[in-house]
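Chemist: Mind having a look at this structure? Questions to follow.
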Amino acid sequence: MNTLFRTDLSKISASTVNVPVRKRMMCLNESCMDPYSIILTSFHERMKDVRLNRYFSPVTDELHTMLTSYVAHQLSPDHVLYGNGADDILYHIFLAVRESEQSFALSLAPSYFDYKTFALAVGLKVRFLDLEPDFSFDTYEYIRRASDPNCRLAILCNPNNPTGNLYSKEQLRQIITALPDKLVLIDETYYEFSGCTFADELAQYPNLILVRSFSKAFSSAGLRFGYAVSAPSNIAELKKVFTTFHQSILSSSFALTILEHKQLFWDQVQGILKLRDELYHRMQKYEGLCVYPSATNFLTFKINEGSSDLFEYLKAQEIALRDVGAHPRLRDCLRVTITCEEDVRAFLKELDEFFS
């Protein structure tokens, strides 16, 4: 044991992403669209007035204002805090809520696996409520567990990753209102695909915080840009655990340029949704394959006794999927991202070959 660091770090592992790297990366919920090529001219024009040798830049205020307007017109910039990806935002929320060694966050399971990673990194424990076979969950049991005095954060991913399902706003409102003294975090990373958000209801729920990302709908996983939306008093507290200049002016400039061309990305989202629905219906026709409905840019599915064989077969054909079967509720399940039409066509072709 290395005694130079926190002793509990010896019990956890560093965060890693173990996926096959292939020509068609349909495993990480990314997009084939390259945003740099789409907004290249506008971005270069903006950068003529950006000084990377300075800490301060007008770009940051411009981005803050435009991002706030994008989230909801009735909000002000003090409702929004952005950072280096949704993961960065999650990490700092966990850091800000941890009170003691007994503090824990409550999450559904299966859900986004890095909730546990980031929580443990800051010394915050995590407890889970397992989903039912249909991916629903017991609202009252969730509230009961979150009511524990040591529960510092209630997490709900909506739509949920990796199951893809969307919970009703009525169910989530019931949880938010039943826990007025708890911070309730709704992960809206896939909001642009589901169209479901609580951004226009924030004034009613001072205990609510939303987390979003540019990695999915804005095709910018490598940009590392995400943000939190909440009551100004919550954002003010969250700012206290961030470093002063935590966001690159370069990435801020790019994020601002994306927002100035958001319609291009919204059009891309509509194309992905059409492809997703088409793929969903096509996959239903394969005997022995069970595919689940989705409100995201991915589909989760399994084949009776054949998921691992398909996974390996597709790797050999240069198509990478994500194995999401670690949790018993998703045993033998794989996840395929709707990245672009070319990838989807290739995936369907190989499915035909596999089942034949």
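Computed from the coordinates by the stated procedures, all read-outs in this text should not be read as laboratory data. Because the structure is predicted, anything quoted here is derived from the model rather than measured. FYI the Cβ positions are ideal-geometry reconstructions off the backbone, even for glycines, and counts take in every protein chain you see.
Chemist: Return the loop-located trypsin sites (Lys or Arg not before Pro) in region 270-335 (DSSP other than H, G, I, E, B) with at most 16 other Cβ atoms within 10 Å of their own Cβ; answer none if there are none. Intermediate values should be presented prior to the final figure.
Modeler: On the way: sites: Lys274, Arg276, Arg282, Lys285, Lys302, Lys315, Arg322, Arg329, Arg331, Arg335; in loops: Lys285, Arg331.
Of the trypsin sites (Lys or Arg not before Pro), the ones in loops of region 270-335 whose Cβ has at most 16 other Cβ atoms within 10 Å are Lys285, Arg331.
Chemist: Isolated Cys in the chain by the 4.7 Å beta carbon test?
Modeler: By the Cβ distance rule, which asks for a partner under 4.7 Å, the isolated cysteines are Cys27, Cys151, Cys157, Cys196, Cys290, Cys333.
Chemist: Taking the Cα centre of region 49-261 as the origin, how large is its charge dipole in debye, to the nearest 20, when only Lys and Arg (+1) and Asp and Glu (-1) carry charge on their Cβ atoms? Could the numbers behind the result be given before it?
Modeler: Details: 17 positive and 24 negative charges, 100 e Å.
Magnitude of the dipole: close to 480 debye.
Chemist: At 0.36 nm per residue, and after removing the present C-alpha to C-alpha distance, how many nm does the segment from Thr139 to Glu318 gain when stretched out fully?
Modeler: Details: separation 179, 0.36 × 179 = 64.44 nm, distance 4.19 nm.
Between Thr139 and Glu318, full extension yields 60.3 nm more.
Chemist: Shape call for the chain from the C-alpha gyration tensor, a ≥ b ≥ c root eigenvalues: rounded (a/c under 1.5), prolate (a/b greater than b/c) or oblate? Can you show the working numbers first?
Modeler: On the way: a/c = 1.58, a/b = 1.15, b/c = 1.37.
The shape class here is oblate.
Chemist: Would you tally the net charge around Ser31, using a Cβ to Cβ cut-off of less than 13 Å, leaving Ser31 out, and scoring K and R as +1, D and E as -1?
Modeler: On the way: positive: Arg24, Lys216, Arg276; negative: Glu30, Asp34, Glu192, Asp267, Glu341, Glu342, Asp343.
Net local charge, Ser31 excluded: -4.
Chemist: If you take every residue apart from Pro232 with its C-beta less than 11 Å away from the C-beta of Pro232, what net charge results, scoring Lys and Arg +1 and Asp and Glu -1? Mind dumping the intermediate values first?
Modeler: On the way: positive: Lys239; negative: Asp78, Glu237.
It works out to a net charge of -1.
Chemist: Which value, in debye to the nearest 20, describes the size of the charge dipole of the chain about its Cα centre when Lys and Arg Cβ atoms bear +1, Asp and Glu Cβ atoms bear -1, and nothing else is charged?
Modeler: In debye, rounded to 20, the chain gives about 720.
Chemist: A further question on this structure: Tell me which chymotrypsin sites (Phe, Trp or Tyr not before Pro) from region 1-77 have a DSSP coil assignment and no more than 16 other beta carbons within 10 Å of their own. Can you show the working numbers first?
Modeler: Values: sites: Phe5, Tyr36, Phe43, Tyr55, Phe56, Tyr70; in loops: Phe5, Tyr55, Phe56.
Taking region 1-77 and a limit of 16 other Cβ atoms within 10 Å, the loop chymotrypsin sites (Phe, Trp or Tyr not before Pro) found are Phe5, Tyr55, Phe56.
Chemist: Now for a separate question. I want the local charge near Asn207. Using Cβ-Cβ distances under 14 Å, sum +1 for each Lys or Arg and -1 for each Asp or Glu among the other residues.
Modeler: Numbers: positive: Arg152, Arg173, Lys182; negative: Asp181, Glu201, Glu237.
Every neighbour counted, the sum reads 0.
Chemist: Continuing with the same structure: Considering the options Phe128, Phe301, Thr243, tell which one lies farthest towards the positive end of the dipole of the chain, charges being +1 on Lys and Arg and -1 on Asp and Glu at the Cβ, about the Cα centre.
Modeler: Thr243
Chemist: Another one. Which of Thr197, Thr296, Thr163 moves the most in a Gaussian network model of the chain with Cα springs under 10 Å?
Modeler: Result: Thr197 has the largest fluctuation of those listed.
Chemist: If you don't mind, another one. What is the chain's relative contact order, in percent, from Cα pairs under 8 angstrom and six or more apart in sequence?
Modeler: On the way: 599 pairs, mean separation 85.3, N = 356.
Relative CO of the chain lands at 24 percent.
Chemist: Could you name the lysines in cross-link range of Lys285, using Cα to Cα under 19 Å and dropping any fewer than eight places away on the same chain?
Modeler: Filter leaves Lys274, Lys302, Lys349.
Chemist: Okay, next question. Going by the alpha-carbon gyration tensor, a ≥ b ≥ c the square roots of its eigenvalues, is region 179-295 rounded (a/c under 1.5) or, if a/c is not under 1.5, prolate (a/b greater than b/c) versus oblate? Let's see the in-between values first.
Modeler: Details: a/c = 2.54, a/b = 1.50, b/c = 1.69.
Here region 179-295 falls in the oblate category.
Chemist: Of Tyr227, Asn53, Ala72, whose Cα points farthest to the positive end of the dipole of region 49-261 (charges on the beta-carbon: +1 Lys, Arg; -1 Asp, Glu; origin at the Cα centre)?
Modeler: Going by the Cα projections, it comes out as Asn53.
Chemist: Just to confirm my numbers, what's the Cα centroid distance between region 70-114 and region 244-285 in Å?
Modeler: Centre-to-centre distance over Cα atoms comes out at 21 Å.
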